[in-house]
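Engineer: After the structure tokens below, expect a handful of questions from me.
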Ligand SMILES: Nc1nc2c(c(=O)[nH]1)N[C@H]1C(S)=C(S)[C@@H](COP(=O)(O)OP(=O)(O)OC[C@H]3O[C@@H](n4cnc5c(=O)[nH]c(N)nc54)[C@H](O)[C@@H]3O)O[C@H]1N2
Ligand SMILES: Nc1nc2c(c(=O)[nH]1)N[C@H]1C(S)=C(S)[C@@H](COP(=O)(O)OP(=O)(O)OC[C@H]3O[C@@H](n4cnc5c(=O)[nH]c(N)nc54)[C@H](O)[C@@H]3O)O[C@H]1N2
Ligand code: SF4
Ligand SMILES: [Mo]
């Protein structure tokens, strides 16, 4: 007999709701939550491989304290009391001597982020950062510059769209279950997909129209689309009149950017560009120019993402059925807010952030997330002050921040590195202390508020007893804080205490989750009235084509387009991305997923490979500059990539021997990438580095 436990998958960050079947304290089956629209029982390969993670012996099984050199892999087993005392004693000394701000805490946003942030506020540090800037910081800034909302507050109505345009949004590989199911249903009903990427991804193969664009030139394409839409009056005139400011400035700006001009820059025929503009106009406002998820390709990213949002505004598709919508939260459903410990009163923190977020380096980037790409610079140069400790919780600075050799060198200057992880990641192996977290199937976490057209709450309950001597992170932070005499900010003992605190103003009880694993806060989709009710949060209350946020900070809304030069002979633009079988840097050692995709390959165009004497399947070496020579990986010689580019999957080239299945397999993109940022939007440009490729004899 098995029992049903409602939970939330965490094999990747999408957090699909799941139904876990448990027998004899073991997981026997995982599927998507059948009651949740869009999920309907479905799970991806990574979600199914949660079983292999649970039973994996190659993950940290107890707290460990380093005994040898950093990264040398010499450890001693510690009990929890000893390991937590060790961390607390070191932190106490560091905070006393250098102040709370000398401690930096990096994490991938998760259900307990409100508790991690509480920990940092309690110790007096402004330096909590998330992965967001590395992911979609420029999309965030672009949205704020136009609408006053950040990108997580915006969603796509895939189910009702009639035409969706995706720029490198490789949704069928870099996947999210509900959006894909909804998009496929819409496509069955006749919705069109236009896909633009220098590489023929799986999404390209499913599209109605595919354009192999010259890398880095999407902005030129969009200016030409806008030019056509304005010239042929293809836009939603009522919507634009009511909701947009700055149309005249846009008209004047795009005047020179004709489709013929864009053809030369992008390689896409002018007639095709005009056709797309007309087709989108025919189905407006039920159409989407997708703003992207992992947004940071090139340094002009902010203007590219703004141009996408401007196209949606012209189509009237912002807050429209089949278009984009603003996600509604508890308040819109007439409920009180979900409780967050971080909303307590804390002593004031006067120190600036370590990463220039919201300050000189990145004046308009979202400082609630920070800019982790500044970590190495800040440590090495003690700019703006010395940093002494890093806590990495579910975050991998040694694979997720460009130029990882520099990051590794910088981290070695620290007095303390603590890793809270479920894997022997590169950062765990380089840390002074590993505090192993129980995996998602072994722990319960804070309740998730899911904003959307129909806001709801979801729950992760504990499915099974931890296989090893591990703990949930929400308990780890409380335990360390208590040792620092800051326990008053963590007024809970159990997960039920946390849940009750979160739900106290919502009119929802824990039992309400029992039947379906989620609680809907409303029956009806909440869309604002397009005539008069859209609540844009810009100073003007409109979509600001000329952005007050940007102009105030001294950034022009419409700088002239800067042409993208082709790489010099013998060099290629290094593009990176994901595959359906892996999550970023987390799953390469998973028994099942490793079998599906054991290493990464280098996609290279047939003609370029021939010139270099490289054959399909042969090992090559990729070099970005003399310092960052990387490991070898196999060449995939193909016509399905633009000749100016090469491509590799992110997350390989790992150097931790304890992960035997992925040890030294493939190459690491982070080692090759230069740390070049979009200074306005806030994200590092992950596809900007130029590399050379050599056959390995
Ligand atoms: N399986 C799986 N799914 C995931 C994730 C995962 O790790 N694994 N992670 C999730 C997360 S956090 C994110 S951010 C999303 C990422 O979702 P995506 O951004 O859709 O995914 P990537 O794989 O990064 O794809 C980037 C694509 O952009 C293309 N590209 C590069 N340069 C250019 C250019 O100049 N123009 C255009 N048009 N295209 C370009 C690349 O060739 C590549 O195909 O995926 C999410 N879903
Ligand atoms: N070079 C390069 N850098 C990139 C990208 C790229 O394509 N190339 N992509 C960018 C993008 S889009 C993103 S979203 C970020 C993602 O960057 P990260 O957040 O660093 O990557 P993840 O693979 O999601 O996971 C990070 C760590 O979390 C651990 N982990 C997984 N589950 C748990 C858990 O339940 N508890 C704890 N405590 N730890 C856990 C994993 O073992 C791993 O060490 O990287 C960005 N940086
Ligand atoms: S997309 Fe897959 S791995 Fe990610 S949460 Fe959903 S089921 Fe899990
Ligand atoms: Mo991401």
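The values are calculated or read from the model by the stated rules, or taken from the named source; none is laboratory data. Note that the structure is a prediction, hence the values are computed from the model and not measured. So basically every Cβ, Gly included, is an ideal-geometry build from the backbone, and we count neighbours across all protein chains shown.
Engineer: Identify, from the list 434, 422, 417, 349, the residue that is within 23 Å of the chain's Cα centre (by Cα), assigned by TED's automatic domain parsing to the domain that holds residue 96 and within 29 Å of residue 492 (Cβ to Cβ).
Structural biologist: Result of the check over 434, 422, 417, 349: 422.
Engineer: Give the residue that is modelled with the lowest pLDDT, with candidates limited to residues of segment 634-677 that are in a loop (DSSP other than H, G, I, E, B) and within 13 Å of ligand 1 (Cβ to nearest atom).
Structural biologist: Going through segment 634-677, the residues in a loop (DSSP other than H, G, I, E, B) turn out to be 639-640, 642-644, 650-653, 655-662, 664-668, 673-676.
Those left that are additionally within 13 Å of ligand 1 (Cβ to nearest atom): 640, 642, 644, 650-652, 673.
Details: 640: 98, 642: 98, 644: 98, 650: 97, 651: 97, 652: 98, 673: 94.
Only one residue tops the list, namely 673.
Engineer: In the list 70, 19, 77, which residue meets the criterion of being within 29 Å of the chain's Cα centre (by Cα), away from ligand 2 (no atom under 16 Å from the Cβ) and surrounded by fewer than 17 Cβ atoms within 10 Å (Cβ to Cβ)?
Structural biologist: 70
Engineer: Looking at (1) surrounded by fewer than 22 Cβ atoms within 10 Å (Cβ to Cβ); (2) assigned to a helix (DSSP H, G or I); (3) out of contact with any strand residue (DSSP E or B) (no Cβ under 7 Å at 6 or more places or on another chain), find the lone condition where residue 256 falls short.
Structural biologist: Just one mismatch for residue 256, condition (2).
Engineer: Scan (1) within 16 Å of ligand 2 (Cβ to nearest atom); (2) touching a helix residue (DSSP H, G or I) at 6+ places or on another chain (Cβ under 6 Å); (3) closer than 30 Å to residue 388 by Cβ for the single condition residue 10 breaks and write down its number.
Structural biologist: Here residue 10 clears every test but (3).
Engineer: Which count do you get for residues in segment 268-305 that are under 16 Å from residue 688 (Cβ atoms) and away from ligand 3 (no atom under 16 Å from the Cβ)? Quick ask: steps written out before the conclusion?
Structural biologist: Of all residues in segment 268-305, those under 16 Å from residue 688 (Cβ atoms) come to 292, 294-305.
Then keep just the ones that are away from ligand 3 (no atom under 16 Å from the Cβ); that gives 292, 295-305.
Residues meeting the conditions: 12.
Engineer: Follow-up question, since we're still on this one. Does residue 693 count as outside any loop (DSSP other than H, G, I, E, B), touching a strand residue (DSSP E or B) at 6+ places or on another chain (Cβ under 7 Å) and surrounded by fewer than 23 Cβ atoms within 10 Å (Cβ to Cβ)?
Structural biologist: Against the criterion (outside any loop (DSSP other than H, G, I, E, B), touching a strand residue (DSSP E or B) at 6+ places or on another chain (Cβ under 7 Å) and surrounded by fewer than 23 Cβ atoms within 10 Å (Cβ to Cβ)), residue 693 qualifies.
Engineer: Right, another one. Does segment 99-117 contain at least one residue that is assigned by TED's automatic domain parsing to the domain that holds residue 473, touching a helix residue (DSSP H, G or I) at 6+ places or on another chain (Cβ under 7 Å), within 16 Å of ligand 3 (Cβ to nearest atom) and within 18 Å of residue 327 (Cβ to Cβ)?
Structural biologist: yes
Engineer: Show me the strands (runs of 3 or more DSSP E) entirely contained within segment 3-56 in which 1 or more residues are under 24 Å from residue 109 (Cα atoms), more than 10 Å from ligand 3 (Cβ to nearest atom) and out of contact with any strand residue (DSSP E or B) (no Cβ under 6 Å at 6 or more places or on another chain). Outline the logic, then answer.
Structural biologist: Values: elements: 3-8, 17-23, 26-32.
Output list reads 3-8.
Engineer: Shifting gears a bit: Of all residues in segment 277-289 being in contact with a strand residue (DSSP E or B) (Cβ under 7 Å, 6 or more places away or on another chain) and surrounded by fewer than 24 Cβ atoms within 10 Å (Cβ to Cβ), which is nearest to residue 574 (Cα to Cα)?
Structural biologist: 279
Engineer: Oh, and also: Can you pull out the strands (runs of 3 or more DSSP E) entirely within segment 358-462 that have at least 1 residues that are in contact with a helix residue (DSSP H, G or I) (Cβ under 7 Å, 6 or more places away or on another chain) and farther than 27 Å from residue 326 by Cα?
Structural biologist: Fully inside segment 358-462 and qualifying: 389-393, 416-421, 433-436.
Engineer: Residue 576 versus (1) more than 16 Å from ligand 4 (Cβ to nearest atom); (2) under 26 Å from residue 302 (Cβ atoms): which is the lone unmet condition?
Structural biologist: With respect to (1) more than 16 Å from ligand 4 (Cβ to nearest atom); (2) under 26 Å from residue 302 (Cβ atoms), residue 576 is out only on (1).
Engineer: If you go through segment 93-106 one residue at a time, do you hit one that is away from ligand 2 (no atom under 14 Å from the Cβ), closer than 25 Å to residue 492 by Cβ and over 29 Å from the mean Cα position of the chain (by Cα)?
Structural biologist: yes
Engineer: So, one more: Quick one: in segment 653-672, of everything that is surrounded by 21 or more Cβ atoms within 10 Å (Cβ to Cβ) and out of contact with any helix residue (DSSP H, G or I) (no Cβ under 8 Å at 6 or more places or on another chain), which residue is farthest from residue 57 (Cα to Cα)?
Structural biologist: The first filter runs over segment 653-672 and keeps only residues surrounded by 21 or more Cβ atoms within 10 Å (Cβ to Cβ), leaving 653-654, 656, 659, 662, 666-672.
Now restrict to residues that are out of contact with any helix residue (DSSP H, G or I) (no Cβ under 8 Å at 6 or more places or on another chain): 659, 666-667, 669, 672.
Working: 659: 10, 666: 23, 667: 24, 669: 27, 672: 31 Å.
So, considering only residues that are surrounded by 21 or more Cβ atoms within 10 Å (Cβ to Cβ) and out of contact with any helix residue (DSSP H, G or I) (no Cβ under 8 Å at 6 or more places or on another chain), the one farthest from residue 57 (Cα to Cα) is 672.
Engineer: Looking at (1) under 27 Å from the mean Cα position of the chain (by Cα); (2) in contact (Cβ under 8 Å) with a residue 24 or more places away in the chain, which is the one condition that is false for residue 614?
Structural biologist: All conditions are met except number (1).
Engineer: So residue 294 clears everything in (1) in a helix (DSSP H, G or I); (2) in contact with a helix residue (DSSP H, G or I) (Cβ under 8 Å, 6 or more places away or on another chain) except one condition, right? Which one?
Structural biologist: Of everything listed in (1) in a helix (DSSP H, G or I); (2) in contact with a helix residue (DSSP H, G or I) (Cβ under 8 Å, 6 or more places away or on another chain), residue 294 misses just condition (1).
Engineer: Okay, next question. Within segment 130-211, considering only helices (runs of 4 or more DSSP H) that don't extend past its boundaries, which have at least 2 residues that are more than 16 Å from ligand 2 (Cβ to nearest atom) and under 30 Å from residue 370 (Cα atoms)?
Structural biologist: Numbers: elements: 132-147, 177-188, 202-206.
It comes to 132-147, 177-188.
Engineer: With respect to residue 590, determine if the residue is within 30 Å of residue 9 (Cβ to Cβ) and either modelled with pLDDT under 95 or within 23 Å of the chain's Cα centre (by Cα) (or both). Reasoning before the result, please.
Structural biologist: On the way: within 30 Å of residue 9 (Cβ to Cβ): yes; either modelled with pLDDT under 95 or within 23 Å of the chain's Cα centre (by Cα) (or both): yes.
Criteria met by residue 590.
Engineer: Only one residue in 132, 197, 218 is surrounded by 23 or more Cβ atoms within 10 Å (Cβ to Cβ) and at pLDDT below 95. Which one?
Structural biologist: 132
Engineer: Kindly establish whether residue 515 is modelled with pLDDT under 95 and not in a strand (DSSP E or B).
Structural biologist: So residue 515 fails the test.
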